[in-house]
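The values are calculated or read from the model by the stated rules, or taken from the named source; none is laboratory data. In this text, all values refer to a predicted model and were calculated from it rather than measured experimentally. When we count neighbours, we look across all protein chains shown, and the Cβ atoms used for this are built from the backbone with ideal geometry, even at glycine.
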Amino acid sequence: MTRWRRGIRGAIGMGLTWAAAWGGAGTIMALGILLVTGGRHDPPFPLMFGAFGFVAGVMFAGVLRLVEGRRRFDQMSLPRPIFAVAAAGFAAGSLALARWAQRWRSLLVPLGADIPSDA
């Protein structure tokens with residue numbers, strides 16, 4: 001089997017594993033809602049959580065593939081994937097903060113606030 005096919009098979013396997021775990025979490029949530037409220041819930045939590053888990057598992061496998069390259073799963077370095085995921089989170093947070101600041105800037109300019117211009 002070629003390497004890219006093995007990689008796809010591994011990503012799908014990781015996605016199915018995460019889907020099973022998240023589907024179980026959705027089942028527990030649905031049972032909790034049933035016990036607390038005594039009524040049924042509209043959305044199918046186990047299916048929704050399972051679908052999100054599958055997508056998250058495939059994305060996690062992709063991040064591992066990008067960070068660790070050609071290494072097998074048992075040869076991977078734990079600190080490197082953790083730092084890669086943390087760096088991606090910080091990048092997303094920085095982008096969210098910049099968008100938030102831009103929105104406030106557009107609100108303050110009509111009020112006559114003295115805001116330095118971008119040079």
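List of remarks:
- Residues being without any contact (Cβ under 8 Å) to a residue 24 or more places away in the chain, closer than 15 Å to Ala88 by Cβ and surrounded by fewer than 16 Cβ atoms within 10 Å (Cβ to Cβ) - total across region 46-77: 2
- Residue within region 36-43 that is surrounded by 12 or more Cβ atoms within 10 Å (Cβ to Cβ) and either in a helix (DSSP H, G or I) or within 18 Å of the chain's Cα centre (by Cα) (or both) present: no
- Qualifying position, being of a type outside the set (Phe, Trp, Tyr), assigned to a helix (DSSP H, G or I) and under 16 Å from the mean Cα position of the chain (by Cα), among Gly50, Gly24: Gly50
- First in region 16-35 and farther than 14 Å from Ala51 by Cβ, second anywhere and assigned to a helix (DSSP H, G or I) and of a type in the set (A, V, I, L, M, F, W, C), Cβ under 7 Å, 6 or more apart: Met29/Phe45; Ala30/Phe45
- In summary, Ser77 fulfils each of the numbered conditions (1) among the hydroxyl-bearing types (Ser, Thr, Tyr); (2) under 30 Å from Trp4 (Cα atoms); (3) modelled with pLDDT of 85 or more with the single exception of condition (3).
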